[in-house]
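Structure first, commentary second.
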């Protein structure tokens, strides 16, 4: 026998969180596409599928608790279960932000198109890339990539400020677009928050690999 | 209804919680114990035990010393009969047949319900002969080659073959403690039992040998129903599908292990598994 009893359970847990990660990533991408392509059908799909993501979160919670209670993981196994238990609600919250963006898309798609989506596509692309990279880094337990992704959070923050200023200008230039621009401000904020969450995932990836907490530390 | 149908109808006529969820499911009971009382002379050791043990699962018995878990384990293959002045009341059904009914062939019963003890007890013979012994006395084998095959199979099932295949004719006492215990498991498996009772099989072993026994237990449940008495609650958590908690001769709680170790029904169980007593 080459495998320990815990190994098969950790394998299942890994599969479950990777599925959740994939579903979350798809939700963010679709939510932004529903906005930029004015595709309300796609937005509704994001809203519908959030229930599945919520169920996945509960399922992973249950399994993490069960492994902790029954298998008493130690060392790397323990860090893995703890990381999964902490990353799971982060992913679920990212998916919630995606549903918020989809809800905004449903409203915006019914109104006049605000032509200047300014930095949105770039911001959305950066967020998606970072999210995918953070999940790949989790899979490969790659703390180097995780640290690089953390640094990219600055790009999101910069994009956010540009988008914010552009939208303010739109509001001033054409007050009839104020409502739509205000919704877009929230969308920008959602993307900015997703960036923060991705950073949290990367910090947990470093913990998983190196057993060090880099959260709240000045250097990463 | 033919005999087989009758047997199956007895075995599936139970409803309980599945081991992985709170869904109600039908359970194939291998062992069905009802209102069992057990006495050492006038001293009552077990009180009104009722429990269903499903087929091909691992059931752990836990509880403080003297709680009756080993006594109960031994009632399942009538090993207590060897102790004078003991008496059992109630029924223990294996596949629907009461093993305490008059006319039960106890030797045949113990072949079906094998047992492994706390302290490994190999015979002062070779590794091969230890495993071959039960096959020989029960006349299970058809030829010398068949005997050798059965010995190999039992040793493989006990995850010992690779370690001993080149020294089958050497003394069993040359094996390590963990290997000796797995040899005893191989000896129990050699006579093709349906249930294997294990009385603290790893309590005298180091962590590495213990881990091997635990992995073996999980592997064996694919073919056998396993009942394991353990002082080690973590071991019960790791290997079992269901756990029974005994205290002062009574069955306090019996639930899926996942439930038992995350949200037991009884306060007494919670106090025990969290180390508040015992």
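Every read-out reported here was derived from the displayed coordinates using simple, explicitly stated rules and does not represent laboratory data. Since we're looking at a predicted model, the values are computed, not measured. In this analysis, Cβ positions are derived from the backbone assuming ideal geometry, glycine residues included, and neighbour counts consider all displayed protein chains.
The alpha-carbon atoms of chain B, seen along their principal axes, cover 52, 48, 41 angstrom, with the largest extent given first.
Suppose only helical runs count, i.e. DSSP H with n ≥ 4. What mean residue ellipticity at 222 nm does that imply for chain A under -39500 (n - 2.57) per run, divided by all residues and rounded to the nearest 500 deg cm²/dmol? Please list the in-between numbers first.
On the way: 6 runs with 183 residues, N = 220.
One gets -30000 deg cm²/dmol as the mean residue ellipticity at 222 nm.
Taking the highest mean first, how do the peptides A:77-83, B:104-110, A:196-202, B:210-216 order by number of other beta carbon atoms within 10 angstrom per residue? All intermediate terms of the calculation are to be shown ahead of the outcome.
Values: A:77-83: 18.7, B:104-110: 13.0, A:196-202: 22.3, B:210-216: 20.3.
In descending order of packing, they fall as A:196-202, B:210-216, A:77-83, B:104-110.
Within 10 Å of each Cβ in B:208-220, how many Cβ atoms from other chains are there, averaged over the peptide? Intermediate values should be presented prior to the final figure.
Numbers: counts 0, 0, 0, 3, 1, 0, 2, 6, 1, 1, 5, 3, 0.
Counting other chains' Cβ atoms within 10 Å and averaging over B:208-220 gives 2.
Between the C-alpha center of segment A:146-200 and that of segment A:31-81 there is a gap of 24 Å. Between the Cα long axis of helix A:5-36 and the first principal axis of chain A there is an angle of about 0°, rounded to the nearest 10.
Just counting partner chain Cβ atoms within 10 Å, what average do the residues of peptide A:181-194 show around their Cβ? The per-residue average across the peptide is 0. The angle between the Cα long axis of helix B:207-220 and the longest principal axis of the Cα atoms of chain B comes to about 80 degrees, rounded to the nearest 10. Fully extending the segment from residue B:171 to residue B:152, taken as 0.36 nm per residue of separation minus the present Cα-Cα distance, adds 5.2 nm. Label 7 Å along Cα→Cβ of residue A:106; segment A:176-197 residues with amide nitrogen under 17 Å? Under 17 Å, as judged by backbone N against the label point of residue A:106, lie A:183-184, A:187 of segment A:176-197.
Run the helix sum for chain B: -39,500 (n - 2.57) per DSSP H stretch of 4+ residues, divided by residue count, reported at 222 nm to the nearest 500 deg cm²/dmol.
Numbers: 11 runs with 99 residues, N = 278.
One gets -10000 deg cm²/dmol as the mean residue ellipticity at 222 nm.
With the simple spin-label model, which puts each label point 7 Å out from Cα in the Cβ direction, the residue B:107 to residue B:208 separation comes to 4.2 nm. Computed with the Debye formula from one identical point scatterer per Cα of segment A:86-157, without solvent, the log10 of I(q)/I(0) at q = 0.16, 0.17, 0.23 Å⁻¹ comes to -0.71, -0.78, -1.14. Springs between Cα atoms under 10 Å define the GNM used for chain B, and in it the highest mean-square fluctuation of B:185, B:53, B:137 occurs at B:137. Dividing the Cα radius of gyration of the protein assembly as shown by 2.2 N^0.38 Å, with N the residue count, gives 1.31.
Divide the volume of the convex hull around the Cα atoms of chain A by the residue count and you get 112 Å³ per residue.
Using a simple spin-label model with pseudo-atoms 7 Å out from Cα toward Cβ, residue A:76 and residue B:270 lie 3.7 nm apart.
Cα-based values for segment B:24-149, radius of gyration first and Dmax second, are 17.0, 51 Å.
Could you work out the Kirkwood radius for segment B:40-88, taking every pair of different alpha carbons, averaging 1/r and inverting it, reported in Å? Could the numbers behind the result be given before it?
Details: mean 1/r = 0.0824 Å⁻¹.
Evaluated on segment B:40-88, it is 12.1 Å.
Whole Å is fine, so just give me how far the alpha carbon centre of segment B:199-278 lies from that of segment B:139-191. Answer, in whole Å: 27. Residue by residue along A:65-72, Cβ atoms of other protein chains within 10 Å of the local Cβ number 5 on average.
The distance between label points at residue A:140 and residue A:182 comes to 4.5 nm (points 7 Å beyond Cα on the Cα→Cβ vector). Each eigenvalue of the Cα gyration tensor of segment B:211-278, multiplied by 5 and square-rooted, gives one semi-axis; in descending order these are 22, 12, 11 Å.
Once the Kirkwood radius over Cα pairs is known for segment A:91-220, the Stokes-Einstein relation at 25 °C and 0.890 mPa s delivers a diffusion coefficient of 157 µm²/s.
Apply the Kirkwood formula to segment A:33-142: the hydrodynamic radius equals the inverse of the mean of 1/r over all pairs of different alpha-carbon atoms; give it in Å with one decimal. Spell out each step's value before the answer.
Numbers: mean 1/r = 0.0619 Å⁻¹.
Result for segment A:33-142, one decimal place: 16.1 Å.
Segment B:119-278 has equivalent-ellipsoid semi-axes of 34, 16, 12 Å, by the square roots of 5 times the alpha carbon gyration tensor eigenvalues, sorted largest first.
Could you tell me how many degrees, from 0 to 90 and to the nearest 10, lie between the Cα long axis of helix B:127-137 and the main elongation axis, the longest principal axis, of the Cα atoms of chain B? In chain B, helix B:127-137 runs at an angle near 70 degrees to the longest axis.
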